[in-house]
Amino acid sequence: MMRSGYVFFLVGCLVFSLGCEPIQSLEESKSSVSDPESNTTQDWKNTQQVQQDVRRAMVATFEGDVDTLLDLTHEKVLEVVDDPEVAREALRRVLASFQEYNTSMDELEFTAEPYFLESEKSHFVVVPTRMVMTINEKKVEAIGYEFGQKKKTESKWRYIAGKKVNPQTVGELFPDFPSDFQFPEMSMNVL
């Protein structure tokens, strides 16, 4: 019982987005991503870019690529730790536990177009996903979303797992987020 609880904790910690598209290697993902610094404020609703970011993060998660994950992670997640090396080491340990539990991503798909929203100072995106993972030879399906934010003066999106940003927490984390938005459903099932 304790072991299966830990497995679901691991899954919950790192679930981003999900799908049936072929899984790319990290190198393929990096090479196909456009340069976010070349984005202008007028092309901030770039579906391809945010989906590529989410795919990169998921591939990095299962390949143990701490640097890519830290690069894509929103500072709200990292601000609880004063020392960046402490955050790096904690993330490295979590990703190593994926290897211990023989965890792999089998499918990743984007179940709907991203929802782009804005406030006076920020752009937001909610990227709906579906992922199938194998954990200790058991298939698990996770349906959810990734939440992204960037200031209007910035070109790079940063992300937080949807589990952490929901109707109950979004106002505290992002007071300027549109209050009438209906977040997609989330679920996790053993197949």
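Things to note:
- Set of lysines with alpha-carbon distance to residue 139 below 29 Å, sequence-local pairs under 8 removed: 30, 163, 164
- Within region 163-190, backbone nitrogen closer than 20 Å to the virtual label 7 Å beyond the Cα of residue 119 toward Cβ: 163-184
- Label point distance in nm, residue 107-residue 169, each placed 7 Å from Cα along Cα→Cβ: 2.7
- Reciprocal mean inverse distance between Cα atoms of region 47-190 - Kirkwood radius, Å: 16.0
- Length gained on full extension, residue 182 to residue 80, computed as 0.36 nm times the residue gap minus the Cα-Cα distance: 34.0 nm.
- Taking Lys and Arg as +1 and Asp and Glu as -1, the other residues whose beta-carbon sits under 14 Å from that of residue 118 total 0.
- The residue list 127, 73, 60 was ranked by how far each Cα lies along the charge dipole of region 35-155 toward its positive end, using unit charges on Cβ atoms, and 127 comes out on top.
- Those lysines that a straight Cα-Cα span of less than 20 Å connects to residue 152, excepting residues fewer than 8 apart in one chain: 45, 76, 121
- Accessible area per residue, Å², region 47-190 with all protein chains present, probe 1.4 Å: 49
- Taking the DSSP beta bridges with both ends in region 47-190, the antiparallel portion is around 95 percent.
- Lys, Arg +1 and Asp, Glu -1 on Cβ, resulting dipole of region 47-190 about Cα centre, debye, nearest 20: 80
The values are calculated or read from the model by the stated rules, or taken from the named source; none is laboratory data. Only a predicted model underlies this, so the values are computations on that prediction, with no experimental measurement involved. Because the Cβ atoms are built from the backbone with ideal geometry, glycine has one as well, and the counts that use them run over all protein chains shown. Remember, those area values only see protein heavy atoms, side chains included, never the ligands or the DNA or RNA. Shrake-Rupley method; radii C 1.70, N 1.55, O 1.52, S 1.80 Å.
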